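First the structure, in the form of structure tokens, and then the observations on it.
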Amino acid sequence: MFLFVYLNVCEFSYLVFYLVTGFFRAETAVWRLLFAGGIYAAAETLEPYLDLDILLLKAILSVIGLLVSKEYFTIGEFVRFFALYAVIRLALIGAENFFYGVFGEDYEAFGTILSASVIACVILFKAATGLHDARKNRAIEPKVEILTGDKSYSCRGYVDTGNALYKDGKPVVVVSARLAEKLGLKSDDTLAVRTVSGIKDLPIAELSYKIYSDKKTHKLYSSYAVISDKMEVRGYDVLLHKDMLN
């Protein structure tokens, strides 16, 4: 019975900390939210066995739980987090009293089913969000296959929204000097490019390549490529044009 009550309260507490951190779009981890929920659930579960001011204990454990839920807080952040946390807690207390009045002795079973359902919905939402983010990342960081004669080279691409280079009305991509050397690209012209150190004339070459939106679907491009010796630090081989965002 003790474990049953603890897990039930822990589920609701996890949900509260999840809602608070999610509202402020705070970076956190599942283990942090579970640990924070477990801390508060301990006070709720031990309440019948403790001869002390349980409200003070809950307030202290709530503060500790919030501090655990996120790696770092400023004072202003913590005040905002705690204010929202208090509002949600009060709302849940009101909802709990309402459902207890409606369901009576069956409230605990109903509460368990409800909390389990909410947790399941949260997990499904996180899974769907993760899938959406994965698709978004594939659009921003697509696979690029460069075609050179009868050979092709696969490399990492990145759709740079700051790349607005054009030549002859076509979008221009940027390739690393290392990749250009590997491909044997030969430049016979230059393009004026604005860099952090000013405007520079960088070598350009014609390039044919495929940009993949998934494992099978791709678009074929033929355009100019600026060759840059500053790209290696970015971790990508090809900086694609902003118009190429799928």
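The values are calculated or read from the model by the stated rules, or taken from the named source; none is laboratory data. These figures come from a predicted structure and were not determined experimentally. Note that each Cβ is placed from the backbone with ideal geometry, even for glycine, and that neighbours are counted across all protein chains shown. Only protein heavy atoms, including side chains, enter the accessible area calculation; ligands, DNA and RNA are left aside. Shrake-Rupley method; radii C 1.70, N 1.55, O 1.52, S 1.80 Å.
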Label-point separation, Asp168 to Lys58 (7 Å along Cα→Cβ), nm: 7.3 nm
Sorted peptide list for 221-227, 207-213, 75-81, criterion being average Cβ within 10 angstrom, highest first: 221-227, 207-213, 75-81
Averaged per residue, what accessible surface does segment 142-246 expose to a 1.4 Å probe, in Å²? 60 Å²
Grab the Cα-Cα distance for Lys242 and His218, subtract it from 0.36 nm times how many residues apart they are, and report the gain in nm with one decimal. 7.0 nm
Per residue accessible area in Å² of segment 15-94, where ligands, DNA and RNA are left out and the probe is 1.4 Å: 59 Å²
In segment 9-52, which residues have a backbone nitrogen under 14 Å from the label point lying 7 Å from Arg80's Cα in the Cα-to-Cβ direction? 20-27
